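The values are calculated or read from the model by the stated rules, or taken from the named source; none is laboratory data. Remember, it's a predicted structure, so these values are computed and weren't measured experimentally. Backbone-built Cβ (ideal geometry, glycine too); neighbour counts: all protein chains shown. The area values use the complete protein model at the heavy-atom level, side chains included, leaving out ligands, DNA and RNA. Shrake-Rupley method; radii C 1.70, N 1.55, O 1.52, S 1.80 Å.
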Amino acid sequence: MRTPFVAANWKMHKTVAEATAYAAAFRARMETIRAAEVVVAPPFTALHAVAAALDGSPVGVAGQNLHSAPQGAYTGEVSAGMLREAGAGYVIIGHSERRQLFGETDAGVNAKLHAALGAGLVPIVCVGETLDERDSGRMFQVLNRQIAGGLADVELEAAGSVVVAYEPVWAIGTGRNALPAQAQEAHAHIRQRIARALDADGAAACRIIYGGSVKPANAGALAAEPDVDGALVGGAGLDPDSFAEIVAQNAAAAV
Ligand code: PGA
């Protein structure tokens, strides 16, 4: 049985004051949730303050990106060790906005994944096709490339700690979520490809979470699918009450 994994990606939202107010409200809502692993991903500027505000609670903190080098002359970048020291236990890697707007490649995702694992961060690796790729019948090919390239050379012992987020680009921020059956089809395929890249036990242990317009109204139906192990939430994760509701539905689906 895989523990559901639910993360809120705040993207470029929330000042330190807004982020710590959220953390205080949200940790109170999470006191009774035991059946899910829950994470929020603030912008870098608020990471340390949010980690401090959530200290001692079951809610973890993630970076939204990292650089693959441990340090160096990389203006504007942040390393895995810096994220750890600021209080993060997790990091999102290869989000479609990073791929589309900032030119990230599968090789770059893989380098970041190894840097994250090396520093003891749990990586949340994002994959997913565009609408054009889906409509032209290339969805599986794109997912295969992203999984093989992004997860290359992962040690088997690390496989269970890797979280993969299936985020179809056409569903992100559009209000048009994948139907539960579409998510299940993609997740089952991704699990098969992880089995090929690693091995069957690694693939069975790996949490594959869905992202793209997850809301309280659709979270339960998505979480009910057998290969959907949680959610990566953007817009609806900006409000502590709606994110808490999504967490509760994922936790309920696991029991
Ligand atoms: P959304 O974003 O929930 O606002 O669609 C999801 C994501 O980008 O992770």
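Quick look at the values:
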{"read-out": "Whole-Hz ³J(HN,Hα) from phi, Karplus 6.51 cos²θ - 1.76 cosθ + 1.60, for segment 172-177, glycine and proline x", "value": "7, x, 9, x, 10, 6"}
{"read-out": "Only Lys, Arg (+1) and Asp, Glu (-1) charged, at Cβ; the chain dipole about Cα centre in debye", "value": "160"}
{"read-out": "Contour minus Cα-Cα distance for Ala195 and Val255 (0.36 nm per residue)", "value": "19.1 nm"}
{"read-out": "Value of [θ]222 nm, deg cm²/dmol, for the chain, DSSP H segments ≥ 4, -39500 (n - 2.57) each, nearest 500", "value": "-14000 deg cm²/dmol"}
{"read-out": "Integer Hz, Karplus 6.51/-1.76/1.60 couplings in order for segment 220-227, x for Gly and Pro", "value": "x, 5, 5, 5, 6, 5, x, 9"}
{"read-out": "Estimated distance in nm for a label pair at His13 and Phe44, the labels positioned 7 Å out from Cα along Cα-to-Cβ", "value": "2.1"}
{"read-out": "Max mean-square fluctuation residue, GNM over the chain, Cα-Cα springs under 10 Å, options Asn218, Asn65, Asn177", "value": "Asn218"}
{"read-out": "Distance histogram for segment 27-66 (every C-alpha pair counted, 10 angstrom bins, percent rounded to whole numbers)", "value": "30, 52, 17, 0"}
{"read-out": "Residue-normalised accessible area of the chain, given per residue in Å² at a 1.4 Å probe", "value": "42"}
{"read-out": "Ranking by accessible area, most exposed first, for Val122, Val6 with a 1.4 Å probe", "value": "Val122, Val6"}
{"read-out": "Largest-first principal axis extents of the Cα set of segment 1-146 (Å)", "value": "46, 40, 29"}
{"read-out": "Amide hydrogen neighbours beyond the local backbone of Val125, cut-off 5 Å, H modeled", "value": "Ile93, Val163, Val164, Ala165"}
{"read-out": "Cα-based convex hull volume of segment 146-223 per residue, rounded to whole Å³", "value": "86"}
{"read-out": "Cut-off under 5 Å, modelled amide H: who pairs with Phe5 long-range", "value": "Glu37, Gly230, Ala231"}
{"read-out": "Unit charges at the beta carbon, dipole of the chain: most positive-side option, Ala159, Phe26, Cys206", "value": "Phe26"}
{"read-out": "Calculated FRET value between Ala35 and Ala221, using beta carbons and R₀ = 22 Å, to 0.05", "value": "0.75"}
{"read-out": "Other-chain or far-sequence residues with amide H under 5 Å of His67's (modelled H)", "value": "Val78, Ser79, Ala80"}
{"read-out": "Derived scalar couplings ³J(HN,Hα) [segment 10-17; Karplus, 6.51 cos²θ - 1.76 cosθ + 1.60; whole Hz; x for Gly, Pro]", "value": "7, 6, 8, 10, 5, 6, 4, 5"}
{"read-out": "For segment 3-89, radius of gyration divided by Kirkwood radius, i.e. Rg to Rh on alpha-carbons", "value": "0.99"}
{"read-out": "Label-point separation in nm, Arg176 to Glu77, each point 7 Å along Cα→Cβ", "value": "3.6"}
{"read-out": "Charge dipole of segment 65-133 about the Cα centre (unit charges at C-beta), most positive-ward option of Gly76, Thr130, Ala88", "value": "Ala88"}
{"read-out": "From the C-alpha gyration tensor of the chain, square roots of 5λ in Å", "value": "25, 22, 17"}
